[in-house]
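A short reminder: the numbers here are calculations on the coordinates, not readings from a lab. Bear in mind that the values here come from a model prediction, so they are computed numbers and not experimental data. Virtual Cβ from ideal backbone geometry, glycine too; neighbours counted across all protein chains shown.
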């Protein structure tokens, strides 16, 4: 993951979140077709022993809070938005957690999270790849980035 983020100019770095090593990558892109807005994209990844719906839901909320607090520049919503890929990798994954991640993006004002669950035992990655009404302008960009970051040889995208 670190190499993929570095190759995409995301400046990956490791942080300590309450004793858990977390990989954080960030990039900002500006597009005229996005109604002249800048999108700050964060990818925040951690390995945990077990992933449940509660685990990915909590991590998603923490990642959204972190991204909003650390994006810099103009305030969220003022020609700027935030998108986050909160990624958890685990050896024991509740199928309901993967279903929760794949179901939809989570939206707050000018912020969207597309949670990612990676099941190391099954070699399967699940994340939302839809085009919702809210945030539709950024959907293709987020799908492309998600596939670039999470599509690994020998693993199944689901």
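For the chain, set up a GNM with springs between Cα atoms under 10 Å and report which of 88, 23, 64 has the largest fluctuation.
23
Would you calculate, for the chain, the mean residue ellipticity at 222 nm contributed by helices, counting each DSSP H stretch of 4 or more residues as -39,500 (n - 2.57) and dividing by all residues, to the nearest 500?
Values: 4 runs with 48 residues, N = 158.
Calculated at 222 nm, the ellipticity per residue is -9500 deg cm²/dmol.
By count of other Cβ within 10 Å, fewest leading, how are 57, 15 ordered? Intermediate values should be presented prior to the final figure.
Numbers: 57 16, 15 12.
The fewest-first ordering by Cβ neighbours comes to 15, 57.
Given the convex hull of the Cα atoms of the chain, what is a quarter of its surface area in nm²?
8.6 nm²
Taking the Cα-to-Cβ direction at residue 156 and at residue 131 and moving 7 Å from each Cα, how far apart do the two end points lie in nm?
In this crude spin-label approximation the distance works out to 2.6 nm.
Highest GNM mean-square fluctuation, the chain, Cα pairs closer than 10 Å: which of 43, 98, 52?
52
How much of the DSSP bridge set in the chain is antiparallel, in percent, rounded to the nearest 5?
Beta bridges within the chain, antiparallel portion: roughly 50 percent.
Using only Cα atoms, what is the ratio of the radius of gyration of the range 79-158 to 2.2 N^0.38 Å? Don't skip to the end; give the middle numbers.
Numbers: Rg = 12.6 Å, N = 80, 2.2 N^0.38 = 11.6 Å.
Expressed relative to 2.2 N^0.38 Å, the Cα Rg reads 1.08.
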